[in-house]
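The values are calculated or read from the model by the stated rules, or taken from the named source; none is laboratory data. Remember, it's a predicted structure, so these values are computed and weren't measured experimentally. Here Cβ is always computed from backbone atoms with ideal geometry, including for glycine, and neighbour counts include all displayed protein chains. We work out accessible area using only protein heavy atoms, side chains counted, and drop any ligands, DNA or RNA first. Shrake-Rupley method; radii C 1.70, N 1.55, O 1.52, S 1.80 Å.
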Amino acid sequence: MTEFDDILTIHDDGSAVRADLGDGWAVFGNVNGGVLMALALASARGPLEHAGAGAHTDPISWSSSFLSAGRAGPVTITHEVLRVGRSMSTAQVSLLQEDQGRVVERVRTLATFADLSELSDPVHRAQEPPQMPGPDHCLSVADFVPDELAVMHRIDLRLDPETAGFGVGE
């Protein structure tokens, strides 16, 4: 398992669904929004399967509202299956955390799932990607971001030195 798999691990003890948000995915103390969305989507699969939408495991559309900053630590997850259909199913997920003695909603996600193996092949309309130097000739973002951007030390993001002036303050 990877660190990303670890943060998406969901625990259901029968009375509550929980997960743990590690501080390694933080940006200035707040857990990265992409990680919060991934957790919400991963946690919706179980309730959808339980509601009869077992084949609908692939998220095809979602919208997340970030209601307050997610922090490292335990998170409680609530679900509501809104619709189980023949070709698509929809669920709502909320991520909640305790903050100064009260429960605060961090993120609310509305997501639609389907079985992508049952849908047609995707149509890709894109131009060829631009020419880039090899990774060894690019700047590693981890070399010049502050420690408060912990998530950037988990991603191997490289910038073309010809266009990276913005990233190094030029």
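Annotations for the structure displayed:
- Comparison of 110, 157, 119 shows that the only residue that is touching a strand residue (DSSP E or B) at 6+ places or on another chain (Cβ under 7 Å) and either open to solvent by 60 Å² or more (accessible area, probe 1.4 Å) or polar (S, T, N, Q) (or both) is 110.
- Checking residue 55 against (1) open to solvent by 60 Å² or more (accessible area, probe 1.4 Å); (2) assigned to a loop (DSSP other than H, G, I, E, B), the condition it does not meet: (1)
- Residues in segment 146-166 that are assigned to a helix (DSSP H, G or I) and more than 19 Å from residue 34 (Cβ to Cβ): 165, 166.
- Filtering segment 4-26 to residues that are touching a strand residue (DSSP E or B) at 6+ places or on another chain (Cβ under 9 Å) and not in a strand (DSSP E or B) leaves 6, 7, 8, 9, 10, 16, 22, 23, 25.
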